[in-house]
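Sharing a structure here in structure tokens format.
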Amino acid sequence: MYPAEYQEILEDQKVRCRLCPHYCLLNDGEPGKCNVRVNRGGRLVSEGYGILSGISTDPIEKKPLYHFFPGSSILSIGGFGCNMTCDYCQNYGISQIDHRTLTHHPIRDPGDIVNKAVLHRDNIGLAYTYNEPSVYYEYMYHCAGLIRDHGLKNVMVTNGYINREPLENLLPLIDAFNVDLKSMRNAFYRERSGATLKPVLDTIQRIASSESHLEITFLIIPGQNDTMKEWDEMIGWLSDHCGPDTVLHVSRYFPRYRLNAPPTQLGTINRFMKAARERLRFVYPGNVPSLESNTYCPVCGNLLIERNHYNARITGIDDSANCTRCGHGIYGVFKNSNL
């Protein structure tokens, strides 16, 4: 276990966690909603520190990030636990756990993981993914600092449910975020995910105003968040608050965990993408290998990046991140990559 940041020590050995908007009030021995931050003797500790559920080298497109070092590989790690309880969770085996699960796994020192990232051939950095990385905040923060010291990049794949102070402290270290925006209805967040909408929107807006790269993922669940009214509200909000160049991934849902709704129809994905492209310049399908996911210049239509599933080939972007045909600048961190 490791001492946790963002805690408020109270009387009678109680402690309040201040990492995320749940503000869990915990008695001695009690875990928070995430199941990895626990009150031990009146002090909050991170029992998930250094305990990994997986480590793998992935294409950056798998995060998914399409406008951040396209075609690159990144070492990816995941832990256990989550501060949401989505009943359709695709990774429930590692996110929805009993906190006693952590006792069965060894602790990986941040230096060991970072050395692995540094020594791995053609690796651009370290991605914190698979489960919700904010619940192992201290470990991620330590790894991210070491990664930066080696001149590599940090990527965070997150649900965005984090308080402002810890987010502000992460922003100088995290180069790119993919945030999962689940719905534009607070009722959906309450009923399906055990959380609330506004903190997620606040996180997205703050990242968009920062120097960090931002992409958004939206999972369409039949009968839950698939109305044109909600889509229009989401697309409009992203365009107005994050800009029309915001990268949006529209993912197909499949039955998982406690939700047995049928898979999202491809026609629904296509309708949403058509609507989104009226306000946003870069919209891509997710979990649908049969649908095209190339990147085209929004001005002249030049093919910029050709993709086949997770394989990407840059065809029309110069070293300054401009379209080679018309010179239009393309949103993303292309200019820092070895094109």
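Bear in mind that the values in this text are calculations on the coordinates, not laboratory data. Just so you know, these numbers come straight off a predicted model, no measurement behind them. Quick reminder, even Gly has a Cβ in these numbers, built from the backbone with ideal geometry, and neighbours come from all protein chains shown.
Ranked highest first by the average count of other Cβ atoms within 10 Å around their residues, in what order do 231-241, 41-51 fall? Each step should come with its number before you reach the end.
Working: 231-241: 17.5, 41-51: 20.5.
Order by mean packing, descending: 41-51, 231-241.
With just the Cα atoms defining each centre, how far is the range 230-306 from the range 134-188? Give it in Å.
Each part reduced to its Cα centre gives a spacing of 22 Å.
Then there's this: Which GluC sites (Glu not before Pro) from the range 235-339 combine a DSSP loop assignment with at most 13 other Cβ atoms within 10 Å? Spell out each step's value before the answer.
On the way: sites: Glu278, Glu292, Glu306; in loops: Glu278, Glu292.
For GluC sites (Glu not before Pro) across the range 235-339 that sit outside H, G, I, E and B with at most 13 neighbouring Cβ atoms in 10 Å, the list reads Glu278, Glu292.
Of all trypsin sites (Lys or Arg not before Pro) in the range 263-306, which ones are in loop regions per DSSP and have a Cβ with at most 14 other Cβ atoms within 10 Å? Present the calculation step by step, with values, prior to reporting the outcome.
Numbers: sites: Arg271, Lys274, Arg277, Arg279, Arg281; in loops: Arg277, Arg279, Arg281.
Loop-located and lightly packed - Arg277.
If you don't mind, there's one more thing I want to ask. Taking every DSSP beta bridge with both residues inside the chain, roughly what % is antiparallel (nearest 5)? It would help to have the intermediate numbers written out before the result.
Numbers: 27 of 55 bridges.
Of those bridges, close to 50 percent are antiparallel.
OK, next. From the C-alpha gyration tensor of the chain, pull out the three semi-axes of the equivalent ellipsoid (sqrt of 5λ each), sorted largest to smallest, in whole Å.
On the way: eigenvalues 219, 115, 60 Å².
Sorted largest first and rounded, they come to 33, 24, 17 Å.
Starting with the fewest neighbours, write out Thr103, Thr57, Thr295 ranked by other beta-carbon atoms found within 10 Å of each beta-carbon.
The fewest-first ordering by Cβ neighbours comes to Thr103, Thr57, Thr295.
Same structure again: Debye calculation, C-alpha points only, no solvent: report log10 I(q)/I(0) for the range 250-339 at q = 0.15, 0.16, 0.25 Å⁻¹, in the same order as the q values.
-0.66, -0.73, -1.27
Further, regarding this structure: Nearest 10 degrees, 0 to 90: what angle lies between the long axis of helix 266-276 and the longest principal axis of the chain (Cα atoms)?
The answer is roughly 80 degrees.
If you don't mind, another one. Which trypsin sites (Lys or Arg not before Pro) in the range 95-177 sit in a loop by DSSP (not H, G, I, E or B) and have at most 13 other Cβ atoms within 10 Å of their own Cβ?
Details: sites: Arg100, Arg108, Lys116, Arg121, Arg148, Lys153, Arg164; in loops: Arg108, Arg121.
Sites meeting the loop and neighbour criteria: Arg121.
Counting only C-alpha contacts under 8 Å and six or more residues apart, can you give the relative contact order of the chain as a whole percent? Don't skip to the end; give the middle numbers.
Working: 724 pairs, mean separation 44.8, N = 339.
Relative contact order for the chain comes out at 13 percent.
Whole-Hz ³J(HN,Hα) for each residue in the range 124-130, computed from phi via Karplus 6.51 cos²θ - 1.76 cosθ + 1.60 with θ = phi - 60°, x for glycine and proline: what do you get?
Each residue's phi maps through the Karplus curve to give 8, x, 9, 10, 9, 7, 6 Hz.
Using 0.36 nm per residue of separation minus the Cα-Cα distance, give me the extension gain between Leu171 and Asp109 in nm, one decimal.
Values: separation 62, 0.36 × 62 = 22.32 nm, distance 2.26 nm.
Computed gain between Leu171 and Asp109 is 20.1 nm.
Excluding residues on the same chain fewer than 8 positions from Lys14, give the lysines whose Cα lies under 24 Å from its Cα.
Correct list for Lys14: Lys33.
When the Debye formula is applied to the Cα atoms of the range 2-46, each taken as the same point scatterer, what base-10 log of I(q)/I(0) results at q = 0.14 Å⁻¹?
Scattering profile of the range 2-46, log10 relative to I(0): -0.22.
While we're here: Collect residues whose amide H, placed 1.01 Å from N in the peptide plane, falls under 5 Å from the amide H of Arg40; neighbours closer than 5 in sequence don't count.
Amide H neighbours of Arg40: Gly29, Val45.
With +1 on the Cβ of every Lys and Arg and -1 on the Cβ of every Asp and Glu, and nothing else charged, how large is the dipole of the chain about its Cα centre, in debye rounded to the nearest 20?
On the way: 35 positive and 36 negative charges, 128 e Å.
Roughly 620 debye, rounded to the nearest 20.
Averaging sequence separations of C-alpha pairs under 8 Å and six or more residues apart, then dividing by the length of the range 2-46, give the relative contact order as a whole percent. Working shown, then result.
Details: 95 pairs, mean separation 16.8, N = 45.
About 37 percent, as a whole number.
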